[in-house]
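The values are calculated or read from the model by the stated rules, or taken from the named source; none is laboratory data. Bear in mind the structure is a predicted one, so any value in this text is a computation, not a measurement. Cβ atoms come from the backbone with ideal geometry, glycine included; neighbour counts cover every protein chain shown. Keep in mind that these areas ignore ligands, DNA and RNA; they rest on the heavy atoms of the full protein, side chains included. Shrake-Rupley method; radii C 1.70, N 1.55, O 1.52, S 1.80 Å.
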Amino acid sequence: MSANAKVEEKLFQNRYRVDSGHPHIQIKDEELCASQCETRQCTVCCPAGCYTLEGNGRIVLITDGCLECGTCRIICDDYRNVAWEYPRGGYGVLFKFG
Amino acid sequence: MAEKFDAIVVGAGPSGNAAAYTMAKAGLKVLQLERGEYPGSKNVQGAILYSDALEKIIPDFRYDAPLERHIIEQRMWVLDDESYIGTHYRSDEFNKPPYNRYTIIRAQFDKWFSEKVQEAGAMLICETTVSDLLMDGKRVIGVQTDRLGGSIYADIVILADGVNSLLATKAGFHPELEPKNVALAVKEIHFMPQETVEARFNVNGDAGVVIEMAGKITKGMMGTGFLYTNKESLTIGVGCMLSDLKQQRISPYQLLEEMKAHPSIAPILDGGEMKEYTAHLIPEGGYKAIPELCGDGWMIVGDSGMFVNAMHREGSNLAMTTGCFAAETVIELAAEQKPFTAKNLARYREKLNESFVIKDLKKYKNMPDVFHANPQFFTAYPEMLNQAVHKMLRVDGVDKKTKEKQIMANFKQRRSLFGLMGDAYKLWRAFE
C-alpha cells in the first residue's frame with residue numbers, strides 16, 4: 001500500500017489536461033478481469049498505478065494520471081482486454097522536461 | 001476540397017523531425033502532425049543526444065540548440081545491495097569541441113528541433129491525434145485525424161509515432177508488440193543548484209558525467225539503471241524488460257524507489273527536488289524484432305521500427321538517421337518521378353542495411369536471447385564480483401593467496417567451473 005501512496009506523490013508533480021468524460025483507455029470486459037485473469041499484471045506493472053484491485057476481485061481503472069507509456073496494453077497479452085487509444089489531441093499528460 | 005501534401009509525417013520526435021526537416025529543405029510540401037500541446041510534450045528519453053546524427057542534418061546545431069552538458073566521463077557500475085564495483089572513463093579529449101554527446105531535456109530539445117523543421121518550410125499542426133490511416137486497397141493515401149473533417153491526403157505517409165505505434169499495428173504493418181521485446185523505463189528529474197551538481201561529479205562549466213548501472217537494482221530482471229547530469233538537475237531511472245516485470249510481479253516505481261535508496265546513490269540525490277516522474281517503453285527487441293519498414297505509400301522510422309541499440313543505449317541517433325534515410329528516399333523517388341510503391345521504397349531498407357543502424361543491430365541480434373535465458377548476469381555475477389573485491393580490499397590478517405582461493409571457491413560454488421566457462425562462451429558468441 002505504501003508503494004501506491006508513493007506513486008501518487010510522484011504523479012502530483014506532473015502536468016495534465018484531463019479530457020473529462022473521454023477516458024482514452026477502457027477495460028473491454030470487466031467480468032473477464034474478475035473471473036478469469038489470475039495474474040492481473042496491470043495492477044502491478046502500470047507505472048502510474050492506474051489499475052487497482054478492489055476487495056471484490058474487480059479492477060478499477062482511473063486514467064487521469066496515465067503516463068501514456070502503453071504498458072497495460074502490451075502486458076495484457078493473455079486476454080487483450082484493454083482498449084487503448086491515444087488521448088485526443090492536446091489532452092493527457094504534458095511533460096515539462098520529458 | 002481536402003488539401004493534399006507530398007508527405008505527411010506522424011509525430012514530432014527525433015525521427016519525425018529529421019524526416020520532415022530533410023524533405024522540407026528539399027522543397028517538398030510536408031505536413032507534420034503532433035498529438036501533444038507542443039513538440040516534446042509527449043516525449044520521454046534518458047536523455048543523451050549523440051551529436052553525430054544531428055550534425056549530419058543541422059551542422060551548426062550547437063550554436064542554438066538547448067543542450068545541458070557535454071559528457072566527458074562515463075561510469076559503469078555493477079551493483080550489489082550495499083556496494084558497487086565500477087569503471088570510470090574520463091577523457092579531456094571529450095572536453096574539447098566539437099563535443100560527441102550531450103545530456104538534453106527532451107521537451108526543450110524537441111521544441112527547438114521542431115522550430116528548425118518549420119523554418120525549413122514544413123507545416124506543423126499540434127494537438128492533433130491521427131486515429132487511422134486512409135487506404136486505397138493496400139495503398140496508404142493519407143491520414144484520418146481527430147479534428148472535424150480531419151482527412152488529409154499525401155503521396156507518402158511516414159510513421160514516426162513512437163514505440164507504441166497503434167497506426168502501424170492497426171494497419172497490420174507490424175505485429176502486436178510482445179512484452180519480451182520492450183523495456184519499461186521509469187525516470188525522475190531532480191533539481192539542485194548547478195554548483196552542487198558540479199561538486200558531486202567533479203566537473204565544471206558545461207561538462208557532465210553519465211552513470212550506467214547494472215546488477216541487483218533490477219532484481220534479476222534484464223535491465224539497467226542510469227543517472228545523468230544536466231545543468232542544474234539529475235535524471236535517474238531504471239528500465240527492465242516488460243516480460244520480466246510481468247513474470248516477477250514487480251512494480252516499476254518500487255524498483256526506482258529502491259534504487260534511489262541504494263547507499264551509493266542516495267547521497268548523490270540528497271537535497272534535490274523531484275519535479276517530474278515519467279515512464280516510457282523502449283523497443284529493445286533488436287534486429288530480429290524489426291518489422292516491415294515500408295509498403296505502398298508508407299514508411300516506418302524511429303522507435304516504431306524497433307530502432308534502438310539496447311547494448312549501447314543508443315536510440316535517438318538511430319531515430320534521426322532512419323528519419324533522414326526515409327526522407328532521402330522520398331526526395332530521390334520524387335526527383336526520378338517514380339511512384340512510392342513498396343518496390344521503389346525498398347531503397348530505404350538498402351540505405352539502412354549499408355549504415356551503422358542495421359550493422360549494429362545485426363551484431364547484437366542474439367543478445368536479447370542470451371540475457372533472457374541467463375538471468376545470472378543480473379544476479380549472481382554482480383554479487384560475486386562485489387564480494388570478491390570486498391574480500392580483497394578488506395585488510396583483516398588473512399593472506400592474499402587464501403583470499404584468492406576463497407573467491408574462486410565461491411565462484412565455483414555459485415556457478416560451477418562449467419557454468420562460468422559456458423557463460424563466458426555465450427557472451428563471447430553474442431558479442432562476436
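Of all residues in the range B:95-118 being hydrophobic (A, V, I, L, M, F, W, C) and under 26 Å from B:E188 (Cβ atoms), which is surrounded by the fewest Cβ atoms within 10 Å (Cβ to Cβ)?
In this case the residue turns out to be B:W112.
From the residues in the range B:132-161 that are within 13 Å of chain A (Cβ to nearest Cβ), open to solvent by 30 Å² or more (accessible area, probe 1.4 Å) and modelled with pLDDT under 95, which one is farthest from the chain's Cα centre (by Cα)?
Top of the filtered list is B:L148.
Which pairs turn up if I take residues in the range B:325-354 that are touching a residue at least 40 places away in the same chain (Cβ under 8 Å) and look for partners that are open to solvent by less than 50 Å² (accessible area, probe 1.4 Å) and among the β-branched types (V, I, T) with beta carbon separation below 6 Å, at least 6 apart in sequence or on another chain?
Final answer for the pair search is B:A326/B:I158; B:A326/B:V301; B:A327/B:T22; B:V330/B:I156; B:F340/B:I156; B:Y348/B:T329; B:L352/B:I358.
Among (1) open to solvent by 60 Å² or more (accessible area, probe 1.4 Å); (2) at pLDDT 95 or above; (3) at positive phi, which single condition is B:G121 missing?
Result: B:G121 passes all but (1).
Does B:K246 meet the test of being in a strand (DSSP E or B) and either touching a residue at least 40 places away in the same chain (Cβ under 8 Å) or closer than 29 Å to B:H88 by Cβ (or both)?
Numbers: in a strand (DSSP E or B): no; either touching a residue at least 40 places away in the same chain (Cβ under 8 Å) or closer than 29 Å to B:H88 by Cβ (or both): yes.
So B:K246 does not fit the description; no.
Select from the range B:387-412 the residues that are under 21 Å from B:E82 (Cβ atoms) and part of a helix (DSSP H, G or I) and list them in ascending order.
B:Q387, B:A388, B:V389, B:H390, B:K391, B:M392, B:L393, B:K403, B:Q406, B:I407, B:N410, B:F411
Can B:A199 be described as surrounded by fewer than 24 Cβ atoms within 10 Å (Cβ to Cβ) and under 22 Å from B:Y84 (Cα atoms)?
Spelling it out, B:A199 is indeed surrounded by fewer than 24 Cβ atoms within 10 Å (Cβ to Cβ) and under 22 Å from B:Y84 (Cα atoms).
Hey, could you check the range B:223-233 for residues that are buried (at least 24 other Cβ atoms within 10 Å of the Cβ) and not hydroxyl-bearing (S, T, Y) and say which is farthest from B:A266 (Cα to Cα)?
Top of the filtered list is B:G223.
Show the residue pairs meeting these rules: Cβ distance below 8 Å; 6+ apart or different chains; first residue within the range B:376-398 and of a type in the set (G, A, S); second residue surrounded by 14 or more Cβ atoms within 10 Å (Cβ to Cβ) and in a helix (DSSP H, G or I).
Pairs that qualify, where the first residue is of a type in the set (G, A, S) and the partner is surrounded by 14 or more Cβ atoms within 10 Å (Cβ to Cβ) and in a helix (DSSP H, G or I), are B:A380/B:R414; B:A380/B:R415; B:A388/B:I407; B:A388/B:N410; B:A388/B:F411.
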